[in-house]
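Student: I'd like to ask some things about the structure below.
Rule-based calculations on the coordinates, nothing more; no lab input. Since the structure is predicted, the reported quantities are computational estimates derived from the model, not experimental observations. FYI the Cβ positions are ideal-geometry reconstructions off the backbone, even for glycines, and counts take in every protein chain you see.
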Amino acid sequence: MYQFLDPPAIRKEKRLIWAATRSVLENIGVARKRSGKKSRSHWDFFLRLLKIFAFLLKITGYYHKGYGNAKTIRVNELTLQFPNLPAAFNGFRILHLSDLHIDSIPGFASLIIHKIKDVRFDICLLTGDYRRDISGSFSRILKPMKILSNYIQSPYGTFAVLGNHDTYLMAQYEHESGMELLINESVEIHKDGQNILITGTDDPFNFFTEPALLCLETRGYDFKIAMVHTSELASAASENKYSLYLCGHTHGGQICIKEGMPLISHQFEGKQYNHGKWHIGNMTGYTSKGAGVSGMPVRFNSPAEVTLINLVT
């Protein structure tokens, strides 16, 4: 059904180098961007502002509504047409999950399962941010992630990349979770004698390294999918003839004045990448609004989503 491009020994060696590098980046607490810019995290200050905002929502009576919005997940179905899609993959269905932050709302795994339990899909792709915090223990997400993974096992595999809220230590639990992590590596998906390629990179928002770009320099496939936590590597993927780019990170703003107008956005590549479908050259991209919430468990004018993508020729 699927096969990694690199043999096991090479994958293991690359993982060790990656883990050593990312552990340093996580411990020094400095965001490293593709541009070379480095900056300290302001997450603690941001959380203090959110507490003030949450207090205002509570005294005005809006917090309860926002919390209810955050627990209301929709299945967003779309059909994407690609003339270069191998015929065997016509009708191939991708379940795209992003930004679960699965410990932000009690019982959130069950809410996701309820939405997808009757959905048919061939492969599941997850584009990062599985826990609420950006540091500290992640043990509390292991059980709900395992519960969820039992429901997203699919005929052609379940693959995930890490986001800026995740830690390199999570890679030690990928087999227990039932998900294959793609960390600057690619996997071939085989169907009826034909192949497509899926490439997953490490998070470029806080932990960019050159291997994230190098792994996109793949050749010899008619149809390729890039999985990245943010849209920051979209231009590189387009230059390397990827057909589909899946990402998340933005939550669609999560708290918007009206849909598409976020109060705060961590999207720096352009508002066209904030949510939904977009294009660069011949490549189609999709930014998920995410299933979960970041910072505080409320949503306004930015519905939570899981995305079902139907590929057609």
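Student: Report, ordered by chain and residue number, the lysines lying within cross-link reach of residue 146, taken as a straight Cα distance under 28 Å and ignoring same-chain residues fewer than 8 apart.
Tutor: Within reach: 12, 14, 71, 115, 117, 191, 289.
Student: Which of the aspartates and glutamates could be linked to residue 65 by a straight reach, that is with a Cα gap under 19 Å, when you skip same-chain ones fewer than 8 residues away?
Tutor: Correct list for residue 65: 259, 305.
Student: Next up: Full extension from residue 31 to residue 143: what is 0.36 nm times the residue separation minus their Cα-Cα distance, to one decimal in nm? Before the final figure, lay out the partial values.
Tutor: Numbers: separation 112, 0.36 × 112 = 40.32 nm, distance 2.90 nm.
Full extension of this stretch gives 37.4 nm more.
Student: Compare 16, 57, 213 in a GNM of the chain, Cα atoms joined below 10 Å, and give the one with the largest fluctuation.
Tutor: 16
Student: Here is a follow-up. Quick one: dipole size for the chain, taken about the Cα centre, charges +1 on Lys/Arg Cβ and -1 on Asp/Glu Cβ, in debye to the nearest 20.
Tutor: Around 980 debye, computed over the chain.
Student: What does the charge count near residue 294 come to, summing +1 for each Lys or Arg and -1 for each Asp or Glu among other residues with Cβ under 9 Å from its Cβ?
Tutor: -1
Student: For the chain, modelled as a Gaussian network with Cα springs under 10 Å, which listed residue fluctuates most, 273, 242, 156?
Tutor: Looking only at 273, 242, 156, the largest GNM fluctuation is found for 156.
Student: Highest GNM mean-square fluctuation, the chain, Cα pairs closer than 10 Å: which of 114, 165, 229?
Tutor: Comparing 114, 165, 229 in a Gaussian network model of the chain, the most mobile one is 114.
Student: Give the percent of DSSP beta bridges with both residues in the stretch 55-169 that are antiparallel, rounded to the nearest 5.
Tutor: Restricted to the stretch 55-169, the bridges split so that about 0 percent are antiparallel.
Student: For residue 239 and residue 54, compute 0.36 nm times the residue count separating them, minus their Cα-Cα distance, and round to one decimal in nm.
Tutor: Working: separation 185, 0.36 × 185 = 66.60 nm, distance 4.26 nm.
Separation in residues times 0.36 nm, less the Cα-Cα distance, equals 62.3 nm.
Student: Binned at 5 Å from 0, what are the whole-percent values of the Cα-Cα distance distribution for the stretch 135-196, short to long?
Tutor: Bin by bin from 0 Å, the calculated values are 3, 14, 25, 23, 16, 9, 5, 3, 1, 0.
Student: Jot down the radius of gyration and Dmax of the stretch 164-313, Cα atoms only, both in angstrom.
Tutor: Cα-based Rg and Dmax for the stretch 164-313 come out at 15.9, 49 Å.
Student: Could you check what % of the DSSP bridge pairs in the chain are antiparallel, to the nearest 5? Don't jump to the answer; show the numbers that get you there.
Tutor: Details: 25 of 57 bridges.
If we restrict to bridges inside the chain, about 45 percent are antiparallel.
Student: Taking the Cβ of residue 131 as the centre, find all other residues whose Cβ is under 10 Å away and add up their charges (Lys, Arg: +1; Asp, Glu: -1). Write out the running numbers ahead of the final one.
Tutor: Details: positive: 132, 140; negative: 103, 129, 133, 166.
Once all neighbours under 10 Å are counted, the net charge is -2.
Student: Based on the Cα coordinates of the chain, what is the per residue volume of their convex hull in Å³?
Tutor: Normalising the Cα hull of the chain by residue number yields 123 Å³.
Student: From the helices alone, meaning DSSP H stretches of at least four residues, give me the mean residue ellipticity at 222 nm for the chain, per-run term -39500 (n - 2.57), in deg cm²/dmol to the nearest 500.
Tutor: About -7500 deg cm²/dmol.
Student: Moving to a separate point now. Helix hunt in the chain: which complete DSSP H runs extend at least 15 Å axially by C-alpha with mean Kyte-Doolittle at least 0.0?
Tutor: Helices meeting the criterion: 43-60.
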